[in-house]
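Beneath this line is the structure, given in structure tokens, with notes to follow.
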Amino acid sequence: MNAVTSRQIPLLDLQAQYTPIRGEIQAAMERVIASQRFIMGDDVKQLELEIARYCGARFAIGCASGSDALFLALLALGIGPGDKVLTTPYTFFATVGAIHRAGAVPVFADIDPLTFNIDPQQVASVLDRHSGVKAIIPVHLFGACAQMEAIVPLARSRGISVIEDAAQAIGAEMNDRRAGVLGDVACFSFFPSKNLGCFGDGGILTTDDPELAERLSILRVHGAKKKYFHQLVGINSRLDSLQAAIVRVKLKHLDQWTEGRQRNADFYNRRLVELGIPITLPAAHGSTTRHIYNQYVICGDRRDELQTFLKDRGIGTEVYYPLPMHLQECFAHLGYRQGDFPASENRAAASLAIPIYAELTQDDLEAVCQAVKEFYSG
């Protein structure tokens, strides 16, 4: 082991998060087990109320995953075969997979290379060139909101719906308004690696529109409001009561964990600059009033070599994301080519996530910084 690190520093340590709240989690799970109500139980209803309150939304609708949340949002808005949906190519597969799953056609706009989020100027340009766009899915990537104050008016002026992909952004804010109320509907994930994660898959949607909320609540249970009577063709995407109970416990601690991530990001922002390391650090748009740092991503030359170097020193990293969506083999039929979205392609080739979770010590953070410094000084 290199002297820079005294112990392994994983990209994410869920054990460190779980241990202090083990008793709370186990009590919540025991309560659900004792009730034997595992599907759509009281914990799901209570979590929906609590998430709606947390996001400042009127309604929240639980579902089986963040991927399903995106698909359900498209279904509820009537997006279907042949409709175009505009989004970013620099995102996790689920964003674009949901569009394809709905039978719609993905259309891409490039990102702002500083924020990693979709560029409103590129959105405007794409909308000028493409007719038939029915929805825009801005992704609040890595925990910072996209520039919704610019994107939403563009959409509204054309009668286009806005779906927030907020899978990585629970609690993030733009102009002091939280992700979840910035568009027509928002989609969140409770995947374990998220800031608010469950013990498997889970998701939730938020909206202020009562009709949309009603459609979503029907679509997630096979399209039936009354059992065995189907108004719509929906899917089976119910949030399990056990998962809801776990998320309810974690929600009480979320702001504390977010503050820890923000402190760690502040340390990196200062220390990496002090050390004079030739990398680009993450930036948030000026309207972002709360960044929740689901990931802390740096960009620099020789990214893959740096990742190997850090691994050899016991420091966990991850590449988010190595290949933009427009270059994925499964979307080759869309006709995009290398060079079509240069900012996304550049970030895919240079970005590397380093540990940011709340339980990191200052010694851990310093060890990461010194290891990055050592690599670029070699």
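Key figures
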{"item": "Pairs from Lys252/Lys311; Lys134/Lys227; Lys45/Lys227; Lys45/Lys134 whose Cα-Cα separation, in the structure shown, is over 22 Å", "result": "Lys252/Lys311; Lys134/Lys227; Lys45/Lys134"}
{"item": "Total formal charge among the other residues, if their Cβ is under 14 angstrom from that of Pro355, Lys/Arg +1 and Asp/Glu -1", "result": "0"}
{"item": "Stokes-Einstein D (µm²/s) once Rh is taken as the Kirkwood radius of the range 191-285 over alpha-carbon pairs, at 20 °C in 1.002 mPa s", "result": "126 µm²/s"}
{"item": "Fluctuation leader among Ala224, Ala244, Ala349 - the chain, Gaussian network, Cα springs under 10 angstrom", "result": "Ala224"}
{"item": "Mean separation of Cα contacts under 8 Å, 6 or more apart, over the residue count of the chain: relative contact order %", "result": "23 percent"}
{"item": "Residue with peak Gaussian network fluctuation, the chain [Cα springs, cutoff 10 Å], from Ala16, Ala284, Ala57", "result": "Ala16"}
{"item": "The range 254-377: relative contact order in percent, alpha carbon pairs under 8 Å with at least 6 residues between", "result": "38 percent"}
{"item": "Highest-fluctuation residue, Cys330, Cys198, Cys299 considered, GNM on the chain with Cα pairs under 10 Å", "result": "Cys330"}
{"item": "Around Leu86: net Lys/Arg minus Asp/Glu count, Cβ-Cβ under 13 Å", "result": "-1"}
{"item": "Normalised contact order of the range 1-122, rounded percent, pairs of Cα under 8 Å and 6 or more residues apart", "result": "15 percent"}
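Each value in this text was obtained by applying a stated rule to the coordinates, not by laboratory testing. All figures in this text were calculated on a predicted structure; none of them were measured in a lab. Positions of Cβ are backbone-derived with ideal geometry, glycine not excepted, and every protein chain shown enters the neighbour counts.
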